[in-house]
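Here's the structure we're looking at; comments come further down.
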């Protein structure tokens with residue numbers, strides 16, 4: 001009896017998935033979207049503060065990535081390239097929102113929240129309030145500071161990758177992240 005061949009179970013890297021997607025393998029592109037989609041959505045949601053707009057931007061960015069995958073040159077990580085496309089879509093959406101503002105739902109009509117969660121109600125309310133305060137403080141930051149802080153601190157991108165995503169310099173990213181930290185610390189001082 002001859003031994004059965006062992007299947008290769010090593011995870012496929014992003015560059016291999018790009019290569020496969022270029023040849024029309026939709027599953028390969030789906031895997032890229034699955035790997036990076038959660039972080040991309042988190043970035044879009046924090047930049048736009050609107051679930052629907054974040055979902056729209058994610059869809060536009062992924063369609064843009066799929067249609068331009070043949071032009072990916074590999075000069076950055078695939079994740080950085082995807083975030084660059086998303087950042088462009090988010091900036092365009094933010095510019096459009098300034099030109100055409102939309103009235104949102106009143107806060108008292110928005111569902112969900114700490115009351116629905118199990119556990120210590122006081123701790124739940126405090127955590128919810130802190131998160132809400134952070135979201136408000138982030139929303140008040142200038143766009144570049146907010147984007148750089150989210151990419152560097154939440155998504156753990158290097159300053160070089162953040163600079164590629166934001167089409168700026170490492171020095172500009174370093175300064176934006178520093179200013180964002182100072183502004184956030186000042187705004188969140190009551191929570192210390």
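The values are calculated or read from the model by the stated rules, or taken from the named source; none is laboratory data. Just so you know, these numbers come straight off a predicted model, no measurement behind them. Ideal geometry is used to build each Cβ from the backbone, glycine not excepted, and the neighbour counts take in all protein chains shown.
The residues on offer are 98, 182, 173, and the sole one that is modelled with pLDDT of 90 or more and surrounded by fewer than 13 Cβ atoms within 10 Å (Cβ to Cβ) is 182.
Exactly one residue out of 131, 136, 141, 151 is within 20 Å of residue 92 (Cβ to Cβ) and surrounded by fewer than 21 Cβ atoms within 10 Å (Cβ to Cβ), and it is 141.
Restricting the first member to the stretch 81-92 and to residues that are in the same structural domain as residue 158 (by TED's automatic domain parsing), and the second to residues that are at pLDDT 95 or above, no beta-carbon pair is closer than 9 Å while six or more apart or on different chains. Only residues that are more than 12 Å from the chain's Cα centre (by Cα) and part of a helix (DSSP H, G or I) were counted in the stretch 154-178, giving 15. Based on what the data block shows, is residue 110 surrounded by fewer than 10 Cβ atoms within 10 Å (Cβ to Cβ) and at pLDDT 65 or above? Spelling it out, it is not the case that residue 110 is surrounded by fewer than 10 Cβ atoms within 10 Å (Cβ to Cβ) and at pLDDT 65 or above.
Would you be able to tell me the number of residues in the stretch 50-60 that are more than 11 Å from the chain's Cα centre (by Cα), in contact (Cβ under 8 Å) with a residue 24 or more places away in the chain and either assigned to a helix (DSSP H, G or I) or within 29 Å of residue 24 (Cβ to Cβ) (or both)? Going through the stretch 50-60 one residue at a time, the tally reaches 3.
Filtering 47, 1, 40 for residues that are at pLDDT below 95 and either crowded, with 17+ Cβ neighbours inside 10 Å or in a helix (DSSP H, G or I) (or both) leaves a single hit, 47.
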